Amino acid sequence: MHGWTGKILHVNLTDGSCRREEIPTELLHAYLGGRGLGVRLMRDFFRLDPFDPEIPLIFAVGPLCGTTSPTSARLACVTRSPLTGTIYDCSAGGRFAWRIKAAGLDAISITGKSAQPVFLAIDDTRAEILPAGALWGKGIKETVASLKERGSVTAIGPAGENGVLFANIMMGEGNSIGRGGLGAVMGAKGLKAITVQGSGVTGVADRERFDAARADVMRLFRASPVIFGELGIAEYGTPALVDLMAQRRMAPTENFRSTFFAESGNYSGPSIRRECGARKEGCYGCPIQCKKSSDKGEPLPEYETVNHFGALNGNSDLHAIVRANTLCNELGMDTISAAATLSAFGEARGRFPDPAEVASLLWEIASRRGEGELLALGSRRVAQELGKPELSMSVKSLELPAYDPRGAYGMALAYVTSNRGGCHLRAYPISHEILRKPVPTDRFSFSGKARIIKIAEDVNAAVDSLVACKFAFFGATLEEYGELLSAVTGVEYGPESLKAIGERIYLTERFYNCENGFDRADDALPERFFSEAGSAGEGIDVPPLDRVRFEEELQKYYRIRGLTTDGTFTDPSFLEVLP
Amino acid sequence: MRDQIEKYSGKLLADRSALPGRIAFAAQDDVLISDGAPDLAELAGATLSRLNALALVAARPSLPFADFLIARSPKGENCILPQDTETRTFLHDIPFLRKGELGDDPAPKIAVLLGNRKGVIVEGVGIVTLGAITVEQAFINYSSVFHSTFVKYLQDVLAEGFLLPGEREAFQAFRDQWLRPLSASGLVFRDKLSQEKDEILSEIEAVGRYTVERGLVDSFFGNISACAGDLIYISQTAASLDELKGCIDPVPTDNSSTTGITASSELLAHRKIFEQTGARVILHGHPKFSVVMSMLCEARDCPIKDCWKDCPHVREIGGTPVVAGEIGAGGLAKRVPPVIGASGSAIVYGHGVFTLGRMGFGEAFAALVEVENFCREEYFRRLEACMLPDEHKA
């Protein structure tokens, strides 16, 4: 077998057992790896409460991981989210994923709950559960430093230990498994960290074909202004979007009350480069290197983070934003949800937190003390508790990222159809509505968006299962990645067959969610977007969304997906016909 | 979507890449629609219904070159490899179906091929291309396949002559009837472009339209810029040259803003050209004969295999330098700026032409016309020279 190892490591923290098992080849062919494989492996567990000890926490790499396929040293972490209640996956890059593959594994599935804090140590042949009492309560840096001799490290911080509903799992090199609170699931299992080292090499079935496909991908990267253009993400990281979103009048500001923040230039890509001495960093083996670090080696914030600790909280102090980002990383918390929760809290009480208060509130959240006890539950529960549920700018309890849906109607639809809640990355319509890739679409029109979003969701489910980075698709397409996959595995894949796999994954996730009670009522945007206009300027009007057109398009989407008008499945045995 | 179908059917007619009455589109949202020539519309709908995509065009190209390429291909071959770098970068190869393979219902076979590639040539039927997320994308892919087959066929004829019955006559008809004289006459340009934003935007929009209307380029093949003080105004990536209104980015020359992340992938080349030549405007397009001629290299026993990116030599066609270089962040931005200043124009191997205007677009447009006309004439001169021995034998 090429590409895959065909092995999964099952770890039971309750009884302390670790065993390697075979993964049926047909499942690997049908779900690839990463998100797809993880979601399939959840089939018998998706109804469990996220904090039930028996729920699996799955780390799955893809068939391209371990090769020099661009952007593919990645994994997906899959379980059910304690923040959203949905099935949840997050893609993350870094050496950790590459070492899982090198240790001979396609996936690690962790169940059970340890009575004492532990960490899991994996190498080529063994897996051990070892005490981590001394590390419990420690931040990410110290934890990683303590364990780095054992290989690559992924760990939770105090936020995960304390059950913060948007706690991350942090990778040793600064990447994060973010958003849905998977760090809290890991913490509930008493698992502080995982270390992995391996020496295996991923075989490639057809080296010549692989080299040609890789060259095609790299050529497309070089042809993409978003990737390797002189104003692109390789140069400035995702904060390259700050100026663009300001110009397009769709940068969420003060809890989405407006869509333009006059001082956003303070934390634009060029400003970060100038003020922080930003230098190129990135996921292991990635040619794009879109992550940036300061001249002192500190990871610098991404676009979502600068906007949300910036405009969304009415703050233009770049260095305060950088500190908030660093603090979230150290405590193991998602920056988007943390900042958005503070913003909702700020609007509810009539005052957004100033930079000093942001820092203290972040500490309180991670330790669940003071106001942090409530804020640790995320914006939906905070707003509800404060009697102002309308102030949570979230979908399915997941806080919205930094693209105002009034400025991109495909984004509006994609937020609600996303299976993990208000996420920009499931369909990523910003790619065509704003960045003009692969072709531009009219951002102020719903026309055709139902089909476009459906197709993009299928594509991205496949991308998350390869696992590759979505930024690669600002240049390349599934044509080139299908070639890479065929060359690596020796199994023929192309864009259409990959989209079919993506569709299977998407529908499986949707089915899980529906079985857990989700339906059309949960596919809803906050009322603000239908009743309040965004900030006009530079000849651009940002009117409220037209609810009638939005609902029409949502119904179209359901029809295209073969769902009922309520967004549910007609066939309760849907899963039985799937591999 | 019907308005989009109407729009892009019109564009296929306007750029004369498809035969009137032989165009059909299909598109699907929650329902599938198709429109155009009934038999092609049925084929388009039947094919698209099997694919996870939004749109598809099936049209008979106005020139028989794609069919000729299939007929000239050795038995057993099933795809064409584009020779020009632009379409090769995005299409990789173009699969084809021969007449004998079609059977009673070709849609499933076409769908299988389109499941892996953006476009396919169906012998006797036409070019069928997919738009993954828009109708426009299907049109762009059609244009790319048309461009690619045009360029490759002309190259092949120059290298191998006519091989098929009727080929010579069809080619003569192409030369006498399909091709039209290229000129800038009658077009209005500002003699000296001011620094005013509105004037610059309006001039760029007009020049974009001219290049398409005059048949110099297909609408998606090129980019245009003007320098004004600390700003470069440049057409956006994936912008149609004949529809540039609202699709021009002002980019600060000192990179103090990244708003121009949506600018053309050739922004770096434009910036370097401005820096090294002092020009006011730049026009870049992919006129077909220039692309064909740029790949005609007479060097023998040359060790360089990937000429389009690795050739370090500066050749010349009619006084215009020819250099190699990949698009975007590849080598083009390094190799064009040093050579373009002297002649005001430069050709990139297998890609297209850059021209300059010191004061305004009149000079740049005239230079583009001149380069393409020279290449066209030179192509036919060489072809006639190749054909002469056969003529004498006859």
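The values are calculated or read from the model by the stated rules, or taken from the named source; none is laboratory data. Here the structure is a predicted model, which means the values were calculated and not measured. Cβ: placed from backbone, ideal geometry, glycine included. Neighbour counts: every protein chain shown.
So the values come out like this:
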| quantity | calculated |
| --- | --- |
| Qualifying residue in segment B:165-172 (condition: touching a residue at least 24 places away in the same chain (Cβ under 8 Å) and within 18 Å of B:ILE282 (Cβ to Cβ)) | no |
| Unique match (being more than 14 Å from every other protein chain (Cβ to nearest Cβ), at positive phi and either aromatic (Phe, Trp, Tyr) or within 21 Å of the chain's Cα centre (by Cα) (or both)) among A:GLY277, A:GLY181 | A:GLY181 |
| Qualifying residue in segment B:20-27 (condition: over 23 Å from the mean Cα position of the chain (by Cα), crowded, with 21+ Cβ neighbours inside 10 Å and either at pLDDT below 95 or in a strand (DSSP E or B) (or both)) | yes |
| Leading residue by the ranking (nearest to the other protein chains (Cβ to nearest Cβ)) among those in segment B:40-62 that are farther than 22 Å from B:ASP3 by Cβ and part of a strand (DSSP E or B) | B:PRO61 |
| Output for segment A:181-222, where each listed residue is of a type in the set (Gly, Ala, Ser) and under 30 Å from A:LYS396 (Cβ atoms) | A:GLY181, A:GLY183, A:ALA184, A:GLY187, A:ALA188, A:GLY190, A:ALA193 |
| Criterion violated by B:ILE304 - all others in (1) in contact with a Cys (Cβ under 6 Å, 6 or more places away or on another chain); (2) under 23 Å from B:ARG376 (Cα atoms); (3) away from chain A (no Cβ under 14 Å) satisfied | (2) |
| Residue check for A:GLU496: part of a helix (DSSP H, G or I), within 14 Å of another protein chain (Cβ to nearest Cβ) and charged (D, E, K, R) | yes |
| Where B:VAL292 falls short, out of the listed (1) free of Cβ contacts under 8 Å to residues at least 40 places away in the same chain; (2) away from chain A (no Cβ under 13 Å) | (1) |
| Filter pass, B:PHE221 being in contact (Cβ under 8 Å) with a residue 40 or more places away in the chain, within 14 Å of chain A (Cβ to nearest Cβ), buried (at least 22 other Cβ atoms within 10 Å of the Cβ) and at negative phi | yes |
| Count of residues meeting criterion [in contact with a strand residue (DSSP E or B) (Cβ under 7 Å, 6 or more places away or on another chain) and either polar (S, T, N, Q) or more than 14 Å from every other protein chain (Cβ to nearest Cβ) (or both)] in segment B:74-101 | 4 |
| Answer from A:ALA344, A:ALA348 - the residue that is surrounded by 24 or more Cβ atoms within 10 Å (Cβ to Cβ) and either at pLDDT 95 or above or in contact with a His (Cβ under 6 Å, 6 or more places away or on another chain) (or both) | A:ALA344 |
| Residues (touching a helix residue (DSSP H, G or I) at 6+ places or on another chain (Cβ under 9 Å) and among the small types (Gly, Ala, Ser)) located in segment B:45-81 | B:GLY45, B:ALA46, B:SER49, B:ALA53, B:ALA55, B:ALA58, B:ALA59, B:SER62, B:ALA66, B:ALA71 |
| Unique residue being buried (at least 22 other Cβ atoms within 10 Å of the Cβ) and at pLDDT below 95 when the list is A:LYS292, A:LYS296 | A:LYS292 |
| Criterion (surrounded by 20 or more Cβ atoms within 10 Å (Cβ to Cβ), in a helix (DSSP H, G or I) and over 20 Å from the mean Cα position of the chain (by Cα)) met by exactly one of A:SER486, A:SER465 | A:SER486 |
| Any strands (runs of 3 or more DSSP E) falling wholly within segment A:74-145 and containing at least 3 residues that are within 21 Å of the chain's Cα centre (by Cα) and of a type outside the set (Phe, Trp, Tyr) | A:74-80, A:87-93, A:107-111 |
| Scan of segment A:281-309 for residues that are charged (D, E, K, R), over 18 Å from the mean Cα position of the chain (by Cα) and part of a loop (DSSP other than H, G, I, E, B), ordered by number | A:ASP295, A:LYS296, A:GLU298 |
| Sole residue being in contact (Cβ under 8 Å) with a residue 12 or more places away in the chain, under 20 Å from B:VAL122 (Cα atoms) and of a type in the set (Lys, Arg), chosen from B:ARG22, B:ARG2 | B:ARG22 |
| Residue within segment A:216-225 that is in contact with a strand residue (DSSP E or B) (Cβ under 7 Å, 6 or more places away or on another chain) and more than 7 Å from chain B (Cβ to nearest Cβ) present | no |
| Flag for A:ILE455 being surrounded by fewer than 24 Cβ atoms within 10 Å (Cβ to Cβ), part of a helix (DSSP H, G or I), under 22 Å from the mean Cα position of the chain (by Cα) and within 7 Å of chain B (Cβ to nearest Cβ) | yes |
| Failed condition for A:GLU553, given (1) surrounded by fewer than 19 Cβ atoms within 10 Å (Cβ to Cβ); (2) part of a helix (DSSP H, G or I) | (1) |
| Scope segment B:309-334; condition more than 16 Å from A:GLY229 (Cβ to Cβ), within 14 Å of chain A (Cβ to nearest Cβ) and among the basic types (Lys, Arg); matching residues | B:LYS309 |
| Listing of helices (runs of 4 or more DSSP H) fully contained in segment A:320-415 that carry 2 or more residues being within 30 Å of A:ILE540 (Cα to Cα) | A:335-349 |
| Which listed residue, of A:GLU492, A:GLU479, A:GLU532, is without any contact (Cβ under 8 Å) to a residue 40 or more places away in the chain, in contact with a Pro (Cβ under 7 Å, 6 or more places away or on another chain) and among the acidic types (Asp, Glu) | A:GLU479 |
| All positions within segment A:6-45 that are over 21 Å from the mean Cα position of the chain (by Cα) and β-branched (Val, Ile, Thr) | A:ILE8, A:VAL11, A:THR14, A:ILE23, A:THR25 |
| Index of the failed condition, B:GLY124 passing every other in (1) over 14 Å from B:LEU43 (Cβ atoms); (2) outside any helix (DSSP H, G or I) | (1) |
| Test result for A:THR79, modelled with pLDDT of 95 or more and either touching a helix residue (DSSP H, G or I) at 6+ places or on another chain (Cβ under 8 Å) or buried (at least 24 other Cβ atoms within 10 Å of the Cβ) (or both) | yes |
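Residue by residue, here is whether (1) more than 30 Å from A:ASP442 (Cα to Cα); (2) more than 14 Å from chain A (Cβ to nearest Cβ); (3) in contact with a His (Cβ under 8 Å, 6 or more places away or on another chain); (4) polar (S, T, N, Q) holds:
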| site | (1), (2), (3), (4) |
| --- | --- |
| B:VAL122 | yes, yes, no, no |
| B:SER144 | no, no, no, yes |
| B:GLN177 | yes, yes, no, yes |
| B:LYS197 | no, no, no, no |
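For every residue, the table says whether it meets (1) out of contact with any strand residue (DSSP E or B) (no Cβ under 9 Å at 6 or more places or on another chain); (2) not acidic (Asp, Glu).
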residue	(1), (2)
A:LEU13	no, yes
A:CYS18	no, yes
A:THR25	yes, yes
A:LEU32	yes, yes
A:LEU37	no, yes
A:LEU41	no, yes
A:ASP49	no, no
A:GLU54	no, no
